[in-house]
Amino acid sequence: MGKITIAIDGFSSTGKSTIAKQLADCLDYIYVDTGAMYRAITLFAMRKGFITETNFDTQALIQHLDKISISFKKNKETTKAEVYINGENIEKYIRTLEVSGFVSPIATVSEVRKKLVHQQQQMGQGKGVVMDGRDIGTVVFPEAELKIFLDASAKTRAMRRYQELLDKGDDITFEAVLGNVQERDRIDSTREDSPLVKAIDAIEIDNSEMNLEDQFHIILQLAKDRIAGRI
Ligand code: DC
């Protein structure tokens, strides 16, 4: 049966990566977490001191972009793809609140987006891919056969992310996480280059009141229908 491209976009902490990974596992497709790629560049910029609380040296970052190589490798124990930068596994450093605080400004830089969109298009060129992010259905794969746009209330999303960070042992407050979620929504939706918007042909799902299992069955059915060419 022919393979399709599945684009999952939406606001931060709407559970895009959870559903994208479930779909990819079930359909035996490749899963690409594009947020991890923007987070990898953010960590690089933080380590080099290009971005701090008080300064963002955009030009220095742009000049170093061709020295950054991002890749994914499957962790054999968890079966989850982990992100590498120049050969170093940085998975455990990229989901902190600190990286989350800098990633949206980094993602406004057109040169960063150009580099990552190009790599994402190459990764998905053979179809059979589930990719999640903010601009997958609008910019990376405007021809994707199935586009999903996930949403949920800011409070619900912040609570989910807060719980994840607590489970990892991070010392944070709910207010800090909610503030970060709202600020990222604002920057991601209002940036000039590839703002977060729902593609006109995307199916919008608000999962504030939906459990993971119901959401998975609804979206899997949509994918199966698209694969069979029914809709
Ligand atoms: O999905 P995430 O929360 O890990 O993404 C982190 C940030 O990266 C998000 O706030 C905006 C940016 N991003 C983007 O601009 N385009 C994408 N395709 C994916 C993420």
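Of all residues being over 16 Å from Met123 (Cα atoms) and open to solvent by 20 Å² or more (accessible area, probe 1.4 Å) in segment 10-24, which is nearest to the ligand (Cβ to nearest atom)? Just the residue, please. Before you say what the answer is, go through the steps one by one.
Residues of segment 10-24 that are over 16 Å from Met123 (Cα atoms), as a first pass: 10-19, 22-23.
Then keep just the ones that are open to solvent by 20 Å² or more (accessible area, probe 1.4 Å); that gives 11, 15, 17-18, 22.
Details: Phe11: 9, Gly15: 10, Ser17: 7, Thr18: 11, Gln22: 16 Å.
This residue is Ser17.
Would it be correct to say that Val130 is in contact with a Leu (Cβ under 6 Å, 6 or more places away or on another chain), assigned to a strand (DSSP E or B) and modelled with pLDDT of 95 or more?
Values: in contact with a Leu (Cβ under 6 Å, 6 or more places away or on another chain): yes; assigned to a strand (DSSP E or B): yes; modelled with pLDDT of 95 or more: yes.
Considered against the rule, which asks whether it is in contact with a Leu (Cβ under 6 Å, 6 or more places away or on another chain), assigned to a strand (DSSP E or B) and modelled with pLDDT of 95 or more, Val130 comes out as yes.
Identify the single condition in (1) open to solvent by 60 Å² or more (accessible area, probe 1.4 Å); (2) touching a residue at least 60 places away in the same chain (Cβ under 8 Å); (3) out of contact with any strand residue (DSSP E or B) (no Cβ under 8 Å at 6 or more places or on another chain) that Asn86 does not satisfy, given that it satisfies every other one.
Going through the list (1) open to solvent by 60 Å² or more (accessible area, probe 1.4 Å); (2) touching a residue at least 60 places away in the same chain (Cβ under 8 Å); (3) out of contact with any strand residue (DSSP E or B) (no Cβ under 8 Å at 6 or more places or on another chain), Asn86 breaks only (2).
Among the residues of segment 37-58, what is the count of those that are crowded, with 21+ Cβ neighbours inside 10 Å, within 16 Å of the ligand (Cβ to nearest atom) and either free of Cβ contacts under 8 Å to residues at least 40 places away in the same chain or not aromatic (Phe, Trp, Tyr) (or both)?
8
So for segment 159-177 (the condition being assigned to a helix (DSSP H, G or I), under 25 Å from Lys67 (Cβ atoms) and at pLDDT 95 or above), does at least one residue qualify? First the steps, then the outcome.
Taking segment 159-177 and keeping what is assigned to a helix (DSSP H, G or I), we get 159-167, 174-177.
Next, from what is left, pick out any that are under 25 Å from Lys67 (Cβ atoms): none.
Within segment 159-177 (the criterion being assigned to a helix (DSSP H, G or I), under 25 Å from Lys67 (Cβ atoms) and at pLDDT 95 or above), the answer is no, since none of the residues qualifies.
Inside segment 91-116, can you point out the residues that are in a helix (DSSP H, G or I), open to solvent by 20 Å² or more (accessible area, probe 1.4 Å) and not aromatic (Phe, Trp, Tyr)? First the steps, then the outcome.
Applying the first criterion (in a helix (DSSP H, G or I)) to segment 91-116 yields 91-93, 97-106, 110-116.
Now drop any that are not open to solvent by 20 Å² or more (accessible area, probe 1.4 Å), which leaves 91-93, 97-98, 101-102, 105, 110-111, 114-115.
Scanning segment 91-116 gives Glu91, Lys92, Leu97, Glu98, Gly101, Pro105, Ser110, Glu111, Lys114, Lys115.
Do you know which residues across segment 131-146 are within 13 Å of the ligand (Cβ to nearest atom) and either in contact with a Lys or Arg (Cβ under 7 Å, 6 or more places away or on another chain) or not hydrophobic (A, V, I, L, M, F, W, C) (or both)?
Matches in segment 131-146: Asp132, Gly133, Arg134, Asp135, Gly137, Thr138.
Among the numbered conditions (1) under 23 Å from Pro142 (Cβ atoms); (2) under 19 Å from the mean Cα position of the chain (by Cα); (3) modelled with pLDDT of 95 or more; (4) open to solvent by 30 Å² or more (accessible area, probe 1.4 Å), tell me where Leu27 comes up short.
With (1) under 23 Å from Pro142 (Cβ atoms); (2) under 19 Å from the mean Cα position of the chain (by Cα); (3) modelled with pLDDT of 95 or more; (4) open to solvent by 30 Å² or more (accessible area, probe 1.4 Å) applied to Leu27, the lone miss is (2).
The values are calculated or read from the model by the stated rules, or taken from the named source; none is laboratory data. It should be emphasised that the depicted structure is a prediction, and the values quoted were computed from it without experimental measurement. Methodologically, a virtual Cβ is constructed for each residue, glycine included, from the backbone with ideal geometry; neighbour enumeration extends over all protein chains shown. Heads up: the accessible areas ignore ligands, DNA and RNA and are worked out on the full protein's heavy atoms, side chains in. Shrake-Rupley method; radii C 1.70, N 1.55, O 1.52, S 1.80 Å.
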